[in-house]
Amino acid sequence: MMNSIHTCKQVFRIIFLTIITSCVQTHQPDLKSINLQRGELLLCGDGEFGDVDFSLTCDYSVRDAFDIAVSLLHSFEYDDAERAFVKVIDVDPDCAMAYWGVAMSIYHSLWSAPASQEMEKGSLILELAKKITKTEKEKDYINAIGGYFEDWEKIEHKTRAVIMEKRMEKLYKKYKDDSEAAIFYALSLKSTSDPGDKTRHNERKAGRILESIFPDKPNHPGIAHYIIHNYDNPELASMALTTARRYSNIAPASAHAQHMPSHIFTRLGLWEESIVSNIRSADAAQCYAEASGKDGHWASEIHALDYLLYAYLQIGDNKKAIETHDYLKNIKSVWGGNSAYPFAAYASRLALENKNWELAAKIEIPEIIKEWEIYPWEKSIIHFSKGLGGAQIGDLQLAKSELIEIKGLYKQLLDQKEIYKAKQVLIQVKSLGAWLEFAKGNYSNAKLMMQESATIEDGTEKHPITPGEIIPANELLGDLLIAIGEPENALIAYKKSLKRSPNRFNGIYGAARASALNGNHEMAANYYRILLQFAGNSSQRPEIFEALSYVNKL
């Protein structure tokens, strides 16, 4: 256990038998054939998840429990949400919305598509829901989530998500006084948004809906959570800062709620706040893992640690970054979600952010992920880092072989019609190709390829699974332009990169260096002062000493 990060808090145990009083059961559905999650809920802290009131026609004896289940759902605590809804079904099998809740807990709207066995489970639970007497509104809710599960073996994930979104829109318009309909519709808008849409049409629409409700429901976990997700982009991030600072207090028992504010802090370059957010999240996640009795680490902890490592690197705190890196390196097993991305990224981040090219060239594929072949996008990060390291240290054979690997992964993603991920890998193909050309002395080709890489990245958006690209393309373009003697153009590239990713250590340093090479010493000093403001007290990186020397001389 990494003591500087994890201090296990008191576990708050929700035993639903203390919440749900006995009630008369009219019938008991056949749940034996469905592999439902069951058991006690174990959550750290004081058990606060926010305020939700959404029980509809369920028996009065289960309404408090149902509302807790919905609160868990709103904070993406999916496993516990499912267990909570199942508890409600066991006591009140006529509570149709509890079946809806199980299906919603299986559909992870902003995460990867559920596996086939989960889709089958969701379909079976909805079939049981259809046999229960329901109000018209309950029928509409169940019909909406049914849009995602119907014909799931024939219709691909994205199309089914759109079907659900359209049904949620009808429900939202039909029940104008139902705040939960509005909140879940806003979530569905985000789930179907286009990452390449720079107008942020869906996100803005969802944000307006959520913000209109927030004043009347200031402690609702879903409103705050989904505002953060919809504004988690360069154009809108500043609009979510106040909400980000509130969300962790609305649902303090949720590891995800502790982490989510850091999405906005990262977008705005507020590194100290991101560090605090992710320490709390990792702390809560490890506490939850220990209370569960399972071996290994919960995936929520790994996700938080990736963001934490990134933030440490942006303030130049290599001591804490190495500590986090080594902790991740020594993890032997993970459960509860897909952790391929952070395990692919953590070693690359430490090496490339420090421009330790020898270390980058030696990065190995972590053995903790057993099926890397199903994660081509994530795997490409490792090959890109090794290849870039090889190009920088003059090992062109290594760089060429890694470029071949990346091109193969790019083709695999194209064949799978994973267009977004394919573009992310294409950025790496162009970038590594550029530095190979530079190493060969073909500067004009190198510049052209690196500019192409930056242009592609400008037209895409980072995935919420990552705090940021391993190296932003415009930042890497700036490095290349300095290397070929074009500091004026390099400064333009660094500024562009900092606009998309504010307060990145290497972006600020690059802008300072380019300004100095251009002879603009006051501008260079200003950039160096910014670097010292963010990293001066905690960093031993040589760039900090360079900044101090430059500012003092000026």
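Structural remarks
- Nonlocal amide H pairs with His297, under 5 Å, H built at 1.01 Å: Ser333, Val334, Trp335
- Charging the Cβ of each Asp and Glu at -1 and of each Lys and Arg at +1, and nothing else, the dipole of the chain about its Cα centre rounds to 1100 debye.
- At R0 = 30 Å, FRET efficiency that the Cβ-Cβ distance of Lys154 and Leu110 yields, to 0.05: 0.80
- Charge dipole (the chain, unit charges on Cβ, about Cα centre) - positive-most of Ala186, Val334, His383: His383
- Efficiency of FRET between Asn249 and Tyr175 - r from beta-carbon atoms, R0 35 angstrom, step 0.05: 0.75
- One entry in (i) 50; (ii) 11; (iii) 15 is percent of Cα pairs over 47 Å apart calculated from the shown coordinates; its label is (iii).
- The stretch 502-519 versus the stretch 72-134: alpha-carbon centroid distance in Å: 51
- The amide H of Leu41, built 1.01 Å from its N in the peptide plane, has Ile14, Phe16 as neighbours under 5 Å, considering only residues 5 or more places off or on other chains.
- Folded to 0 to 90 degrees: helix 157-174 orientation relative to the chain principal axis, Cα: 60
- Flagged links, alpha-carbon separation over 19 Å, of Lys362/Lys400; Lys139/Lys176; Lys329/Lys370; Lys32/Lys158; Lys205/Lys421: Lys32/Lys158; Lys205/Lys421
- C-alpha center-to-center spacing [the stretch 200-260, the stretch 390-443] in angstrom: 37
- Computed from Cα atoms, the angle from the helix 443-458 axis to the main principal axis of the chain rounds to 20 degrees.
- Cβ crowding within 10 Å averaged over residues, with 443-455, 411-423 ranked highest first: 443-455, 411-423
- Rounded tilt (10° steps) of 179-191 against the dominant C-alpha axis of the chain: 40
- Report note on the peptides 282-294, 331-343: ranked by the mean count of other C-beta atoms within 10 Å, highest first, their order is 282-294, 331-343.
- For the peptides 344-356, 391-403, residues were scored by their other Cβ atoms within 10 Å and the scores averaged per peptide; the highest-first order is 344-356, 391-403.
- Exposure proxy order (Cβ contacts within 10 Å, fewest to most) of Met119, Met97: Met119, Met97
- Cα pair distances in the stretch 482-554, grouped into 10 Å bins until the bin that holds the longest one, percent each: 22, 54, 23, 0
- Relative to the current alpha-carbon distance between Glu522 and Glu367, full extension at 0.36 nm per residue lengthens the span by 50.9 nm.
- Projecting the Cα atoms of Pro221, Ala253, Ser292 onto the charge dipole of the stretch 189-293, computed from C-beta unit charges around the Cα centre, puts Pro221 farthest toward the positive end.
- Under the Karplus curve 6.51 cos²θ - 1.76 cosθ + 1.60, θ = phi - 60°, whole-Hz ³J(HN,Hα) for the stretch 404-410, x wherever Gly or Pro sits: 4, 4, 5, 4, x, 5, 4
- Charged side chains reduced to their Cβ positions (Lys and Arg at +1, Asp and Glu at -1) give the stretch 371-526 a dipole of some 140 debye around its Cα centre.
- ³J(HN,Hα) computed for each position of the stretch 58-63 - Karplus, 6.51 cos²θ - 1.76 cosθ + 1.60, integer Hz, glycine/proline x: 5, 4, 4, 5, 10, 5
- Per-residue ³J(HN,Hα) for the stretch 218-226, Karplus 6.51 cos²θ - 1.76 cosθ + 1.60, θ = phi - 60°, Hz, x for Gly and Pro: x, 10, 7, x, x, 4, 4, 4, 7
Computed from the coordinates by the stated procedures, all read-outs in this text should not be read as laboratory data. These figures come from a predicted structure and were not determined experimentally. Here the Cβ is made from the backbone with ideal geometry for all residues, glycine too, and neighbour counts use every protein chain on show.
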